[in-house]
Amino acid sequence: AIDGFKEKGTKLLITIDCGISDIEEVAYAQSLGIDVIVTDHHMPHVKEGNATQHLPPAYAILNPKLSDCRYPEKMLCGSGVIFKFVQALYKKHGAEFGITPGWEKWFLDLVGIATLSDMVPLVGENRVFAVYGLKVLKRTARPGLSQLFLKLRVNREHLSEDDIGFTITPRSNAAARMGEPMAAFNMLSTTDQALAGVYADALESVNNERKGTVASLVKEVKKILGERDLSDKKAIVLGNPSWRPALLGLVANSLAEEYNRPAFLWGRDGEGIIKGSCRSGGTTSVLSIMQKTPESFLAFGGHSASGGFEVSNDAIHALAESLEKAAHDLGGELEEKEGLVDGHISLDEVSWNLYRDIEKLAPYGTGNAKPLFLIKGAHIDAIKSFGKEKNHTEIVFSDKNNRKISAIQFFSSTDSLPAHVKARSKVDIVAHLEKSTFKNYPE
């Protein structure tokens with residue numbers, strides 16, 4: 001790619017969400033007379049034996065995780081970092097191009113999507129990006145996004161972080177994972193009203209293909225793990241040359257959450273290179289594990305929650321043993337998930353007033369979890385299945401005044417309910433408070 005840029009006479013290369021670990025590549029570009037500005041949010045490499053950060057020889061580096069960076073918000077996502085770059089550029093040179101102060105706010109729909117999608121903590125400046133990103137997104141003039149919302153029946157008036165997580169994020173990510181990144185780029189960037197629907201349909205098609213492929217892969221991996229004893233393992237390490245590396249992050253995330261330990265998965269890409277993805281599952285930092293055994297990789301990078309790596313053909317056979325030892329050396333037993341609920345309430349307290357108070361804490365996500373409540377002794381009035389395949393469950397409760405309150409559990413059939421959960425019984429439930437806008441009627 002750098003050679004291609006050189007042939008076209010490129011003088012400046014600006015990276016977004018990458019570059020901090022690409023020391024040789026940046027040096028090569030600089031040697032060809034191409035200045036490189038690195039904007040990234042991933043952790044820089046640290047030289048073995050000391051805490052010195054090993055940085056690429058770029059013209060400039062914008063990364064809040066640099067040890068000498070004084071910017072107060074350290075947890076911006078990659079789009080957040082480049083947005084700050086754009087803000088500074090407009091502040092200094094905007095008038096030269098007829099750009100009015102503050103015009104960059106219209107980029108916040110994309111910054112908000114990225115911030116909510118990249119699992120960065122939704123506190124500090126990230127919370128600002130998420131809140132105002134949703135406000136701008138409700139009014140976005142981007143034809144592709146408008147068509148996507150229309151096709152998925154997303155009501156922009158009630159748009160929330162959940163709509164991002166269940167609609168835009170998986171579809172945009174699916175494009176790159178399935179080797180068709182332009183499907184997402186075209187949908188987000190087009191200004192052509194006629195093509196917008198075509199691009200939205202193309203993205204939906206790619207996402208449906210991704211769903212089927214990932215489901216098969218998760219099933220295959222879980223079958224392998226089911227035949228192994230993981231009781232004394234600090235990490236899960238699996239691979240297969242036939243697995244598509246771009247999909248392994250999704251699978252690793254599923255495993256890390258279910259087995260409550262870091263998961264490292266690898267496959268082989270179209271060029272024969274062994275690549276992998278890893279997720280922490282909220283326990284030990286995957287970046288710290290990889291930094292413990294740098295000799296195991298050709299390249300690696302990421303942050304505490306997730307990362308990626310490349311391994312040579314010679315080293316792949318020892319990877320599982322090396323990562324397990326590194327995870328073990330970091331010490332500590334596997335963390336148990338504590339503090340399941342945030343508070344206790346009664347069914348009678350479930351009201352619009354309570355919901356409006358809770359809604360002020362949104363948007364929810366990493367670092368700002370949606371409040372979870374324990375309701376004891378809730379009286380079940382009725383239980384029923386719904387959906388085309390009857391694979392969702394609705395339980396209708398009644399309070400002391402015989403007011404009906406519905407609880408929904410998606411992708412869980414009534415057959416999976418415990419035997420004591422039945423009509424006219426009392427149960428303890430753990431739930432979020434949600435506003436349903438089904439058929440545009442809040443309830």
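The values are calculated or read from the model by the stated rules, or taken from the named source; none is laboratory data. No experiment lies behind these values; they were computed from the predicted model shown. Here the Cβ is made from the backbone with ideal geometry for all residues, glycine too, and neighbour counts use every protein chain on show. Note: accessible area is taken over every heavy atom of the protein model, side chains too, but ligands, DNA and RNA are not part of it. Shrake-Rupley method; radii C 1.70, N 1.55, O 1.52, S 1.80 Å.
Just a few scattered comments:
- Scanning the stretch 153-169 for residues that are of a type outside the set (D, E, K, R), in contact with a helix residue (DSSP H, G or I) (Cβ under 8 Å, 6 or more places away or on another chain) and without any contact (Cβ under 8 Å) to a residue 40 or more places away in the chain turns up VAL154, LEU159, THR167.
- The test for being over 30 Å from SER231 (Cβ atoms), at pLDDT below 95 and not aromatic (Phe, Trp, Tyr) holds for GLY377.
- Answer residue from the stretch 14-37, given it is open to solvent by less than 40 Å² (accessible area, probe 1.4 Å) and not small (Gly, Ala, Ser) and is nearest to GLY308 (Cα to Cα) among those: ILE20
- Pairs where the first residue, in the stretch 174-190, is touching a residue at least 40 places away in the same chain (Cβ under 8 Å) and on the phi < 0 side of the Ramachandran plot and the second is of a type in the set (Ser, Thr, Tyr) and crowded, with 19+ Cβ neighbours inside 10 Å, C-beta under 7 Å, 6+ apart: ASN186/TYR199; MET187/TYR199; THR190/TYR199
- Test: residue in the stretch 81-104 that is charged (D, E, K, R) and under 30 Å from GLN291 (Cα atoms): yes
Here's the yes/no breakdown for (1) in a helix (DSSP H, G or I); (2) touching a Pro at 6+ places or on another chain (Cβ under 9 Å):
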residue	(1), (2)
VAL86	yes, no
GLU96	yes, no
PRO121	no, no
LEU134	yes, yes
LEU148	yes, no
ARG153	no, no
ASN173	yes, no
ALA176	yes, no
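- Qualifying positions in the stretch 41-71 - part of a loop (DSSP other than H, G, I, E, B), at pLDDT 95 or above and small (Gly, Ala, Ser): ALA58
- Screening VAL81, VAL36, VAL26 for residues that are outside any loop (DSSP other than H, G, I, E, B), hydrophobic (A, V, I, L, M, F, W, C) and either closer than 19 Å to ALA114 by Cβ or in contact (Cβ under 8 Å) with a residue 60 or more places away in the chain (or both) leaves exactly one candidate, VAL81.
- Among the residues making up the stretch 15-24, a single one is over 23 Å from the mean Cα position of the chain (by Cα) and within 19 Å of VAL81 (Cβ to Cβ): ILE23.
- For the stretch 31-40, the condition holds for at least one residue, the condition being that it is touching a Pro at 6+ places or on another chain (Cβ under 9 Å) and at pLDDT 95 or above.
- Picking from residues in the stretch 101-128 that are without any contact (Cβ under 8 Å) to a residue 12 or more places away in the chain and under 19 Å from THR140 (Cβ atoms), the one that is most open to solvent (accessible area, probe 1.4 Å) is VAL128.
- If you check LYS74, LYS92 for being outside any loop (DSSP other than H, G, I, E, B), surrounded by fewer than 18 Cβ atoms within 10 Å (Cβ to Cβ) and out of contact with any helix residue (DSSP H, G or I) (no Cβ under 8 Å at 6 or more places or on another chain), only one passes: LYS92.
- Boolean, PRO241 is more than 15 Å from THR283 (Cα to Cα) and in contact with an Asp or Glu (Cβ under 6 Å, 6 or more places away or on another chain): no
- Test: residue in the stretch 259-277 that is touching an Asp or Glu at 6+ places or on another chain (Cβ under 8 Å), open to solvent by 30 Å² or more (accessible area, probe 1.4 Å) and either basic (Lys, Arg) or modelled with pLDDT of 90 or more (or both): yes
- Each residue in the stretch 215-248 was checked for being closer than 26 Å to GLU321 by Cα and in a helix (DSSP H, G or I), and 14 pass.
- Restricting attention to the stretch 340-369, the residues that are at pLDDT below 90 and more than 25 Å from LYS426 (Cβ to Cβ) total 4.
- Filtered residues of the stretch 129-138 (kept if without any contact (Cβ under 8 Å) to a residue 60 or more places away in the chain and open to solvent by less than 70 Å² (accessible area, probe 1.4 Å)): PHE129, GLY133, VAL136, LEU137
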